[in-house]
Ligand code: GLN
């Protein structure tokens, strides 16, 4: 079984780890390059992408993680994690960086300040039942490249996408009690027992 890591610098990493444990995985928290070297796949949680970008630099994780992702390490990024995995950040801070392994332009806080948080039942490609999705100061995708599969959208804006073995969600699938997206990620990447 592959070892799944959860980037644990900031944000909602504990809920991701709990959900992965419920599904039978034994997630490892990743805060250092040595810990990154010990995992085969990585969840990048929601939180604050500007802060995470800074912490990735100061922890020395940015470059080794960029290299692993470029080598094809499977990843699941949610909310801020989606922003970090995309190509272009719109409404970002000038110094914030991203890994560019999913060919998407992502706008931060895209649903507007007045709708800080909301829930939506998403129609997800390949799923029979809608997925109850929690959005918190969420981004959405403004441009998806030809290699990107759009799996779900809100008002025509992609919010769940996949490119190769990297899955990104604009919402927080680790909140609420629907494990299907974590299961999808684990089962695609040998992370289930
Ligand atoms: N607005 C946050 C950012 O830009 C993302 C919010 C979240 O992860 N819930 O990083």
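Readers should treat all values here as calculations from the given coordinates under stated rules, not as data from a laboratory. Just so it is clear, the structure is predicted and the values come from calculations on it, not from any experiment. Cβ sites come from the backbone with ideal geometry, for glycine too, and all protein chains shown count toward neighbours.
Could you list the residues of the range 153-188 with an amide nitrogen less than 19 Å from a label point located 7 Å from the Cα of residue 142 in the Cα-to-C-beta direction? Answer for the range 153-188: 153-161, 169-171.
Of the peptides 90-96, 132-138, 51-57, the ranking by mean beta-carbon count within 10 Å, highest at the top, reads 132-138, 51-57, 90-96.
For every helix of n ≥ 4 consecutive DSSP H residues, a contribution of -39,500 (n - 2.57) applies; sum these over the chain, divide by its total residues, and give [θ] at 222 nm rounded to the nearest 500 deg cm²/dmol.
On the way: 6 runs with 49 residues, N = 193.
The helix contribution divided over the chain gives -7000 deg cm²/dmol.
Here the calculated FRET efficiency for residue 95 and residue 128, from their Cβ-Cβ distance with R0 = 45 Å, stands at 0.55, rounded to the nearest 0.05.
Let me know the Kirkwood hydrodynamic radius for the range 88-141, please, with Cα pairs as the basis and the value in Å to one decimal. All intermediate terms of the calculation are to be shown ahead of the outcome.
Values: mean 1/r = 0.0776 Å⁻¹.
The Cα-based Kirkwood calculation yields 12.9 Å.
With an 8 Å cut-off on Cα pairs and a minimum separation of 6 or more residues, tell me the relative contact order of the chain in percent.
Numbers: 439 pairs, mean separation 39.3, N = 193.
Over the chain, the number comes to 20 percent.
In a fully extended conformation the segment linking residue 14 and residue 150 would gain 46.3 nm over its present Cα-Cα distance, using 0.36 nm per residue.
How much length is gained on full extension from residue 105 to residue 177, taking 0.36 nm per residue of separation minus their Cα-Cα distance? Write down the numbers at each step before the final one.
Values: separation 72, 0.36 × 72 = 25.92 nm, distance 2.90 nm.
Residue separation times 0.36 nm, minus the Cα-Cα distance, leaves 23.0 nm.
Panel note: the C-alpha atoms of the chain, placed on their principal axes, show extents of 41, 39, 30 Å (largest first).
Spin-label model, residue 37/residue 119: points 7 Å from Cα along the beta carbon direction are separated by 4.4 nm.
In the range 42-136, Cα pairs under 8 Å separated by at least six residues give a relative contact order of 23 percent.
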